[in-house]
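Okay, so here's the structure we're looking at.
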Amino acid sequence: MAWFRQVSALKKQHHHINHPFSLLSYLSHSHYTTEAPPTQYAGLGPTRPEEKPRVVVLGTGWAGCRFMKGIDTNIYDVVCVSPRNHMVFTPLLASTCVGTLEFRSVAEPIGRIQPAISREPGSYFFLSKCTAIDIDNHMVHCQTFTDGVDTLDPWKFKISYDKLVIALGAQPSTFGIHGVEEHATFLREVYHAQEIRRKLLLNLMLSDMPGISEEEKRRLLHCVVVGGGPTGVEFSGELSDFIMKDVHERYSHVKDYIRVTLIEANDILSSFDDRLRQYATKQLTKSGVQLVRGIVKDVKSQKLILNDGTEVPYGLLVWSTGVGPSSLVNSLTIPKSPGGRIGVDEWLRVPSVQDVFSIGDCSGFLESTGKPTLPALAQVAERQGKYLAILLNKIGEAGGGHANSSNGMELGQPFVYRHLGSMATIGRYKALVDLRQNKESKGLSLAGFTSWFIWRSAYLTRVISWRNRFYVAINWLTTMVFGRDISRI
């Protein structure tokens, strides 16, 4: 980083160019130095009136990425801050855990979603996490994100914004249950799926070793899924398919020991039609998935305890009981919607502050709007991102792109969400399609092979790039012909 500062200072000193990277504009070094680099960096300073306004996006989930795809980079410079440099196509994430799909098939690089981040001089992607938001000074505080042993120590910097889009998503809900974070694996990121796959295959190989007891073998091969929502049900279906088709063929010595248990406090797939829920229950049971109704009270390293005292030993524990606000969202001193989300108005603005918008799972309508909080679904986040990009493009075209310059501006139609329906695969070439607007309304609902074909077709077309669509289609074909890849890499 030291040579960046030196080169920038030399350029500024000799006036060869007007360097757009104002990350260096605060630094006073004007000559080469051998001093150790400081741990604090200045950051991107405020934009000047003759420069393009800067929109800062926090997060690379469905909402943030759809917003970045639609924002006009002829009007704005885009700066994205996130600890991951890709978007995860979450509806297909469960398929990667058992080798139906490869991990790269569900990861879309940010540079492909918004090429300006890689090409334009004033647009950047920073592999960092936001630690605080200074609303009064239009600034976000960030810290570089590093992992591994032999990496640089993280450092802090600041970014000034003209418009701020908070799309931080949400974090898995543990409901304060002891041991969940230490012993369970979530299923929201690619590295979660990688961890599940490695642990599943490790347990399969360990259970086939000489000297292992029958009791330990049964524990190692007991896969427990907590949460009967779409994620939990789809993972259970994929896992049962993997057991029926691949484990029975390639791990015949232990095929009679492996089993799947799905634990849910109420009915599975509670947002689906009653007929579809009954069909899913029947099919999962037929596939060998044991459905248990109960509430987890405590989680230990090799077993969990239900509220009735039942002990359930496990070798793999996957936790998918919904999501809640992140620690940063909880720390913000701005009005919140029910459930602790960032409160927004009908135009997805945070009404108590200037130039701040919030979309996706981290946001919700304030009670004063009279609108219910929308569910934490990909289709909600995607449509919010699309709407907000159009809105900010309109504001920028009208000359309101810079900080504090859009007061009193006509914003047009507010955001309106219309539910397109829900889908979930349950394994064995079967799926559910529920096209009702809500639980009370009437609409088309399908189950079986036709629904499975609709599910695959719909998600194949929703994958963002043609590159990944090709990957997904080829992965599905090779899995159908040759079986799943069971290499533990």
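Its Cα centre serving as origin, the range 338-489 has a Cβ charge dipole (Lys and Arg +1, Asp and Glu -1) of approximately 880 debye. For the range 389-489, just say rounded, prolate or oblate: build the C-alpha gyration tensor, square-root its eigenvalues into a ≥ b ≥ c, call rounded for a/c under 1.5, and beyond that prolate if a/b exceeds b/c, oblate if not. It is oblate, given that a/c is not under 1.5 and a/b is not larger than b/c.
Please compute the net charge surrounding Asp355, taking Lys and Arg as +1 and Asp and Glu as -1 over other residues with Cβ under 13 Å from its Cβ. Mind showing how you got there, number by number?
Values: positive: Arg54, Lys163, Arg349; negative: Asp134, Asp136, Asp162.
So the environment of Asp355 carries a net charge of 0.
Comparing Cα centroids, the range 84-146 and the range 182-255 end up 29 angstrom apart.
Across the chain, C-alpha contacts under 8 Å between residues 6 or more apart give a mean separation that, scaled by the residue count, equals a relative contact order of 17 percent.
Taking amide H as placed 1.01 Å from N in the peptide plane, Thr425 has its amide H under 5 Å from the amide H of Leu432, each at least 5 places away in sequence or on another chain.
Beta-bridge orientation, the chain: approximately 45 percent antiparallel, per DSSP, counting only bridges with both partners inside. In percent, rounded to a whole number, the relative contact order of the range 326-468 is 13, using alpha-carbon pairs under 8 Å and six or more apart. Under a 5 Å amide H cut-off, with hydrogens placed 1.01 Å from N, Thr185 pairs with Leu317, Val318, Trp319 among residues at least 5 apart or on other chains. For Lys303, the lysines whose Cα comes closer than 20 Å to its Cα, not counting residues fewer than 8 places off in the same chain, are Lys199, Lys217. For percent of Cα pairs over 39 Å apart, the choices are (i) 15; (ii) 20; (iii) 30; which was calculated from the structure? Of the labelled values, this structure produces (iii).
Here's the list of lysines a cross-link from Lys439 could span, going by alpha-carbon distance under 25 Å and ignoring same-chain residues fewer than 8 apart: Lys282, Lys371, Lys430. Around the Cα centre of the range 232-292, unit charges on the Cβ atoms of Lys, Arg, Asp and Glu (plus for the first two, minus for the last two) sum to a dipole of about 220 debye. Once backbone amide H atoms are built at 1.01 Å from N, Val344 has Gly364, Phe365, Leu366 as its partners under 5 Å, excluding neighbours fewer than 5 places away on the same chain. Other residues lying with their Cβ under 14 Å from the Cβ of Asn407 contribute a combined charge of -1, Lys and Arg counting +1, Asp and Glu -1. For the range 235-335, carbon and sulfur atoms together expose 47% of the accessible surface, with a 1.4 angstrom probe and every protein chain in place. Can you classify the range 444-489 as rounded, prolate or oblate using the Cα gyration tensor, where a ≥ b ≥ c are the square roots of its eigenvalues, rounded means a/c under 1.5, and otherwise it's prolate if a/b beats b/c and oblate if not? Since a/c reaches 1.5 but b/c is at least a/b, the shape of the range 444-489 is classed as oblate.
Just the number, please: carbon plus sulfur as a percent of the accessible area of the range 72-120, 1.4 Å probe, no ligands or DNA/RNA counted.
41
Take every Cα pair under 8 Å whose residues are at least 6 apart in sequence, average their separation, divide by the length of the range 354-396, and the relative contact order is 37 percent. Counting only Cβ charges, +1 for Lys and Arg and -1 for Asp and Glu, the dipole size of the chain around its Cα centre is about 960 debye. Summing +1 for each Lys or Arg and -1 for each Asp or Glu among the other residues whose beta-carbon sits under 11 angstrom from that of Val323 gives +1.
Take the Kirkwood radius over Cα pairs of the range 279-379, plug it into Stokes-Einstein at 25 °C and 0.890 mPa s, and you get 145 µm²/s for translational diffusion. Converting phi to 3J(HN,Hα) with the Karplus coefficients 6.51, -1.76 and 1.60 and the offset θ = phi - 60°, the range 135-141 yields 5, 4, 9, 6, 8, 10, 9 Hz in sequence order, with x at every glycine or proline. The residues of the chain present an accessible area of 48 Å² per residue when probed at 1.4 Å with all protein chains retained.
The values are calculated or read from the model by the stated rules, or taken from the named source; none is laboratory data. Keep in mind it's a predicted model, so treat the numbers as computed, not measured. Methodologically, a virtual Cβ is constructed for each residue, glycine included, from the backbone with ideal geometry; neighbour enumeration extends over all protein chains shown. Note: accessible area is taken over every heavy atom of the protein model, side chains too, but ligands, DNA and RNA are not part of it. Shrake-Rupley method; radii C 1.70, N 1.55, O 1.52, S 1.80 Å.
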